[in-house]
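The values are calculated or read from the model by the stated rules, or taken from the named source; none is laboratory data. Note that the structure is a prediction, hence the values are computed from the model and not measured. Virtual Cβ from ideal backbone geometry, glycine too; neighbours counted across all protein chains shown. Only protein heavy atoms, including side chains, enter the accessible area calculation; ligands, DNA and RNA are left aside. Shrake-Rupley method; radii C 1.70, N 1.55, O 1.52, S 1.80 Å.
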Amino acid sequence: MKDYTKGTSGLIKNINKANVLDVIKKMQPISRIEVSKVLKMSKSTISAIVDELIEEGLVIENGYGEKGTVGRKPIQLSFNPDARFVIGISVESTNSIGILTNLEGKILKKIKWETGIKEQAFNGIVKGIKELTEEDKNIIGIGIGLPGITDIQKGIVDAPGLRWSNFDLKKRLSEIFNYNIYLDNSVNYAALGERWIGCCREIENFVLINIGNGIGSGIYVNGTLLRGNSYAAGEVGYMAIGEDAFERVYSYEDYGSFERKASLSSLVESVSKSLSYVKTMEGVVKEYKKQNPACVQAVSQFIKNLSMGIANIVSILNPEAIIIGGDILNYEIDIRQELKEKVKRIVPFDFDIKVAQLGEDASAIGAVADVLLNTNNLILL
């Protein structure tokens, strides 16, 4: 049985402080007395917390509000998003992205590099962090999204695309950098990014499906990111959508049954069987626009396969929305309407299909959000 969390005075103080900061962010400009009324806390408690936030630079006083029926005009409070800064990194099997943001997720600096494998992948992360910390900002932490199963407590990563097995990333980075470091799967972070400042700000139940050379997902249930028993929740590439799934034994290093039918790499492979000169997604798009029958048929089957997988997800999780993200958004084939029509034939539940808003930055922005959540600088309700 897990240990109970004790409500220590320090914990309660941090919760109250985070709540006050959140109210000021969302309702600024706002006075101390108004914050007190919103949170139903005493004026003296609010004043003490606000004074501390002002001292830390997170809150600023900026003039007076309208005078009430009695007394002097109340001083107005606003959030200072540039009081602290955060580094967010998204590592994918081909390329990586690093960003430096303020406390509102505004990107102040962005860098890219080729990921590589093994030590090259690790060294790339180290180099990226060093470049982003050159700005000499007041950085409160680093979040890193990774293309594999990530133990967020121990900081250990299994990422076949990087040739990492039981790789103790957090420990190794902590030996180099004196920052709070947080890790998670990159698609989980992409979902968190969309929940924070993307297309899902008002949605508590959704699944972001990242469609690229493989397929992964980030799952939000009742406003909480679902990670699973061994942090493998969302590995939807291993779903079975036909009896042929039993024709082989899959390991974590393999593409799963669903990935082999509904990823972009599988679509390119399918088209190239009939059109040998097509080797890339750009080639697929070109032939599809020309309405080449073999290509149109392959794309149609791809959508059917994807629809069956999404129908399974919808029937199990009953999300309000399915979010389509990943490399598929870089190509001029809009499959949303056809996807929804096919899924609705299988599953009688209402849901929406949306396109991710944050593009290639989604995972890095989600990594920033995770740092803010863990340091009481962000509340997602």
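What is the distance, in nm, between label points placed 7 Å from the Cα along the Cα-to-Cβ direction at Asn229 and at Ile333?
If labels sit at Asn229 and Ile333, their model points lie 3.6 nm apart.
Under 5 Å between amide hydrogens, which residues at least 5 positions from Asn180 or on another chain qualify, with H placed 1.01 Å from N in the peptide plane?
Ile142
Take the alpha carbon atoms of segment 1-160, find their radius of gyration, then divide it by 2.2 N^0.38 Å using N residues; give the quotient.
1.38
Just to verify a number: FRET efficiency for Asn138 and Ser174, C-beta to C-beta distance, R0 = 25 Å, to 0.05?
Numbers: r = 19 Å, r/R0 = 0.78.
It comes out at approximately 0.80.
May I ask for the angle, rounded to the nearest 10°, between helix 118-132 and the longest principal axis of the chain, with both axes built from Cα atoms and the value confined to 0 to 90°?
Result, in degrees: 40.
Of all DSSP beta bridges located in the chain, what percent are antiparallel, nearest 5?
65 percent
Keeping all protein chains in place, calculate the accessible area per residue for segment 68-155 (probe 1.4 angstrom), answer in Å².
46 Å²
Let's test the formula: R0 of 45 Å, r as the Cβ-Cβ distance of Tyr238 and Met27. What FRET efficiency results, to the nearest 0.05?
Efficiency computed from Cβ-Cβ geometry: 0.50.
Share of antiparallel DSSP beta bridges in segment 54-193, in percent to the nearest 5? Don't jump to the answer; show the numbers that get you there.
Details: 23 of 34 bridges.
So the antiparallel bridges in segment 54-193 amount to around 70 percent.
Which FRET efficiency value, to the nearest 0.05, do you get for Lys73 and Asp51 by plugging their Cβ-Cβ distance into 1/(1 + (r/R0)^6) with R0 = 22 Å? Display every interim value, and only then the final one.
Details: r = 19 Å, r/R0 = 0.86.
For Lys73 and Asp51, the calculated efficiency is 0.70.
If you count only protein heavy atoms and use a 1.4 Å probe, how large is the accessible surface of Ser44, to the nearest 10 Å²?
80 Å²
Could you tell me the ratio Rg/Rh of segment 208-365? Both radii from Cα atoms, Rh via Kirkwood.
Looking at segment 208-365, the ratio lands at 0.95.
Based on alpha-carbon centroids, what's the gap between segment 210-240 and segment 68-133 in Å, whole number please?
24 Å
With only Lys, Arg, Asp and Glu charged, each at its Cβ (+1 for the first two, -1 for the last two), find how big the charge dipole of the chain is about the Cα centre; round to the nearest 20 debye.
That gives the chain a dipole magnitude of about 720 debye.
Per residue, how much accessible surface does segment 254-381 expose to a 1.4 Å probe? Answer in Å², no decimals.
Counting only protein heavy atoms, the per-residue value for segment 254-381 is 48 Å².
Which value in Å does the Kirkwood hydrodynamic radius of the chain take, with 1/r averaged over all unlike C-alpha pairs and then inverted? Walk me through the numbers before you get to the answer.
Details: mean 1/r = 0.0439 Å⁻¹.
This gives a value of 22.8 Å.
Would you mind putting 298-304, 10-16 in packing order, based on average other-beta-carbon counts within 10 Å, highest first?
Result, highest mean first: 298-304, 10-16.
Antiparallel as a % of all DSSP beta bridges within segment 140-191, to the nearest 5?
Bridges in segment 140-191 are about 55 percent antiparallel.
Quantify, in whole percent, the carbon and sulfur part of the accessible surface of the chain (1.4 Å probe; protein heavy atoms only).
Carbon plus sulfur share of accessible area: 47 percent.
Residues with amide H under 5 Å of Asn185's amide H, sequence separation 5 or more or different chain, H placed in the peptide plane at 1.01 Å from N; which?
Residues meeting the criterion, in which the H sits 1.01 Å from N, are Leu146, Thr150.
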